[in-house]
1. Below 8 Å, C-alpha to C-alpha, sequence gap of six or more: please give me the relative contact order for chain B in percent.
2. For chain B, which semi-axes, largest first and in whole Å, follow from the square roots of 5 times the eigenvalues of its Cα gyration tensor?
3. Which whole number gives the average, over all residues in B:48-59, of C-beta atoms from other chains lying within 10 Å of the residue C-beta?
4. Taking square-rooted eigenvalues a ≥ b ≥ c of the alpha carbon gyration tensor, is region B:23-297 rounded, prolate or oblate, where a/c under 1.5 means rounded and, failing that, a/b exceeding b/c means prolate?
5. Peptides B:58-66, B:379-387: what's the order by average Cβ count within 10 Å, highest mean first?
6. Sorted by mean Cβ packing within 10 Å, highest first, what order do the peptides A:173-186, B:15-28 take?
7. Treating only the Cα positions of region A:165-206 as identical point scatterers, give the base-10 log of I(q)/I(0) from the Debye formula at each q in 0.26 Å⁻¹.
8. Comparing A:70, A:131, A:19, which has the greatest mean-square fluctuation in the GNM of chain A with Cα pairs linked when under 10 Å apart?
């Protein structure tokens, strides 16, 4: 018998009597210390993201995203953008090899939604240009719509299910790459991006105050 | 690389803890650092209103998994295969290592990057591959530190928690050429970033662990803060992901439960920086999953102990354990240390790990923080009974327990012994406070009472 057959035979012989799966419905009535009511979700998201080392801006549109990014990263070098509305950055796509992205200073990508309880954004590979890009870039900026913030991870998976997106790879990203392996001292920028900036686009917002 | 446990370990938990305890200042520092992480865990857990419901739900999902594991494994295999992933089955560590070696040989790879996988520690994959001429670079910063120091990890989430920054500075000075005497964590982390980036960019094979594998969709999730699993996997031609068969969960929506619990329990963060869902290989590239049994299927049949297979490897039980905090991870001489390791290891080898269930005060804190509600301290207690009955208990312990049985079952002997004990501790402390009595190691004893509770009660009961 092969190992597969052996393992399955032993497992099936030893597994206990069937136990039903629990209901998940009651979960998530309260997010991780975050107010769940409409407008408060985005505020909660921003608060948590800032607490874990990320930065967040609520903006009226891509014009503002571009302005802020130019201010934040004046000498960042190579910029790769998955957001054509941005108006700058490399016309992305068609890389023969992800290693070509090793010197990217800033990647700007459009994510699907944010999660208020933990500051994470969900992004599937079709929006990453290359799977390696959100990890290999020195800095990462993600853009979501302000109304696309869900309360918690239960709501997140419901949304993923409802969107029906097929993906070969997808990830939640919550803040910059980090480590505390040396004496528990937190250092941002372990292997991946040293910074993570999330833009929450609010189309109804007026730019008047900015100029 | 020194092996975990066995001869290189030189002794059991008590002897190894003894060695660790020689440096009192370091023990206190180790203790305080881990307790600080435990406090961060508390803060994060208390911030979630339905935390207890989450734990209960996670526990029940895992009970369902164990009750239907065979079917879930088949479902997972079929779904993963449909996604273009090759699934391998390994009965034990040797077969797991041979499968990995075979894949590397087939691709002509002699250098590989690896992100954190306690399973490969359990299987001693690094040592095996090195003997076969294959270089393995651990890419988690803490794991890279212990790898360069030729030590096993001392903690499953924080592999080099036992090392001072000055020691890490020295290791980096020797191996990475950083300036002597520089022990700044920011500087050292940046040096490691540059050193490992070169590895990521030049290696064609990457091995990762798996936190959760979804039977329904065939996808698996890898959680890291550093991004090292992703850096390795997305730049490599071959991605090999290894998992113990108990890492299966039924549906994707169950990830919502486990991802809320895992990192809050581990480090007090709301979630890891990256929770990556791997489903299909990149076009033209390969993705392999190795399902490893290594004793788990047999363990599943042990009614009293099977619950330990619910573990999601958060290490909350390590951080809270008064014994772990003061004896260090290496004293457990096994890949997974701490309370959970102490109930997992005897399944693999009762002889070798008979000491571990005794390395506990049975205070129960481990069970209280466990996000999947494993009855850890109960299992430690049950293992002691099994080990004594099967003749695996340490000799001194057996003799002491026999004496205790005699004393406790004879009231007059008990009272005389109590009196004698108090008299000796008061008048001749050297007879008890000496090298023969482990209770006095690294401990100051409280003052001796003049009378027993029994005597006090008799006097005062009117």
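Each reported figure results from applying straightforward, stated rules to the coordinates on display, with no laboratory input. Keep in mind the model is a prediction, meaning the values are calculated, not measured. In this analysis, Cβ positions are derived from the backbone assuming ideal geometry, glycine residues included, and neighbour counts consider all displayed protein chains.
1. Worked out over chain B, it gives 21 percent.
2. That gives 43, 26, 21 Å for the three semi-axes.
3. 4
4. oblate
5. Most protected by this proxy first, the peptides run B:58-66, B:379-387.
6. With the highest mean Cβ count within 10 Å placed first, the list reads A:173-186, B:15-28.
7. -0.92
8. For chain A, modelled as a Gaussian network with Cα springs under 10 Å, the answer is A:19.
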